[in-house]
Each structure stands twice: as structure tokens, then as C-alpha cells.
Amino acid sequence: MTASEYAVVETPGGGVQHVWALPADESTLLDLITAVFTDHWQHIHFGPIIEGAAWEVGAPNAPTRITVNDGYATVDFGPWHFHLCIGEHTASGPELGRIRRCSRAELYRTIGRDGAPVSWGLRLFNGRDEQMMTVLLPNPFLSDRQSILDTPDFGRLAAWDELRERFLSLPPDPLDRTGKGFTHG
């Protein structure tokens, strides 16, 4: 699959997603995490989103620092931080190191029943293909506090467009600007 191609994925709840694979090497993942949390921290929500649980955390401020030690990126907000294993982790041995490390990264958009996108994001998965984190990117149908907007603000797709350009060399897609409002699958 080339960067411009995406996989069409049917989700367990019946929704459709377009998924673009991203490189999962340490350098790319650190660049991706830094871009998302440094440039867009005030407009994103993040955490694991799995069947039965959705942690939609908002950052309190820009990270005070982002560091890497033994394969783990630490995104530090001051009062709290989180870790993601994005590179070679040796302290726990080769098998746990392989399991803990991000083995798959992707940009995705969820498609509504009308065929138009309704949400946009980034996901990371470990060596067992378990979700490590989802980042919900700014949505033209929702405010930063996740209230439904009366009128779509397609300027809120700037983060999505920037990430597609930077990591996939893709221009903005007119399909992203065809939706009428937010719906859950």
C-alpha cells in the first residue's frame, strides 16, 4: 500500500474507517508525538479508546518536555506525564521489549452513514496489537471542550491536514469537508 492509499476497515460497532499506515520507527514516532502534543495540545483529546472504555483526556498545557529513555517516550505536562514505548526497550528483556514497543501507527478517519467523515485521529498499537493510545484530532463539528458546534468549522482540520502532509505527503482531501455534523457510529 502506498501513502496515498488507505485501508477500509469495518469496526465492531458497524462503522467504517479509512486507515493510513504510518512508519513505526522510533524517529518517526517521536516526531509524530512531538508534533501532536507540542503544536496541537490545546485542541486534542487522547487516551486509550477500546470497546467498553474511552479515556478522552485533555492536556492541561503544552508539554514541559518530551524525552526518550530506553525506548520510552515521556510526555511531561508538569503535574503529570505519560510514557509510550516507541523504540528499542532492553531493560525488560527481548520478549517484553518486543511486546511493549509500538509496532503499528495509523492515521484514521471515521465515516458516517452518509459517507462523509465525522471524526479524525491517530492510533498507536503495541507488539500484541493492543491499543496504546488514540489521539482524537480537532473536529470541525466539535469545540475544544467537545460541545457540538452549530456550524461546521473546517479550519479545525488543520492538524489532520498537517499530519497527512508531513507523514504521508498527502494534500488536504476534499472528502474531509463534506460532512454536515457529528454523529456516533
Index of the failed condition, PRO140 passing every other in (1) farther than 20 Å from THR28 by Cβ; (2) in a strand (DSSP E or B); (3) not polar (S, T, N, Q): (2)
If you check every pair at least six apart or on different chains, which have Cβ atoms under 9 Å apart with a residue in the stretch 115-133 that is among the basic types (Lys, Arg) first and a residue that is assigned to a strand (DSSP E or B) and at pLDDT below 95 second? ARG123/ILE49
Can you list residue pairs whose Cβ atoms sit under 6 Å apart, with the first residue in the stretch 35-48 being of a type in the set (A, V, I, L, M) and the second being outside any loop (DSSP other than H, G, I, E, B) and crowded, with 19+ Cβ neighbours inside 10 Å? Count only pairs 6 or more apart in sequence or on different chains. VAL36/VAL135; ILE44/VAL135
Given (1) surrounded by fewer than 20 Cβ atoms within 10 Å (Cβ to Cβ); (2) over 17 Å from TRP55 (Cα atoms), number of the condition GLN146 does not satisfy: (2)
Restricting to the stretch 7-39, what's the tally of residues that are surrounded by fewer than 15 Cβ atoms within 10 Å (Cβ to Cβ), in a loop (DSSP other than H, G, I, E, B) and modelled with pLDDT of 95 or more? 2
In the stretch 143-162, which residue that is assigned to a helix (DSSP H, G or I) and either touching a strand residue (DSSP E or B) at 6+ places or on another chain (Cβ under 6 Å) or free of Cβ contacts under 8 Å to residues at least 60 places away in the same chain (or both) is nearest to TYR108 (Cα to Cα)? TRP160
What is the residue count in the stretch 95-124 for residues that are part of a helix (DSSP H, G or I) and either under 18 Å from LEU157 (Cβ atoms) or among the hydrophobic types (A, V, I, L, M, F, W, C) (or both)? 2
Does the stretch 89-102 include one or more residues that are closer than 27 Å to PHE182 by Cβ, touching a helix residue (DSSP H, G or I) at 6+ places or on another chain (Cβ under 8 Å) and open to solvent by less than 70 Å² (accessible area, probe 1.4 Å)? no
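The values are calculated or read from the model by the stated rules, or taken from the named source; none is laboratory data. As the structure is a prediction and not an experimental result, all values here were calculated from the model. Please note: Cβ atoms are built from the backbone with ideal geometry, for glycine as well, and neighbour counts cover all protein chains shown. Surface accessibility is based on the protein's heavy atoms, side chains included, excluding ligands, DNA and RNA. Shrake-Rupley method; radii C 1.70, N 1.55, O 1.52, S 1.80 Å.
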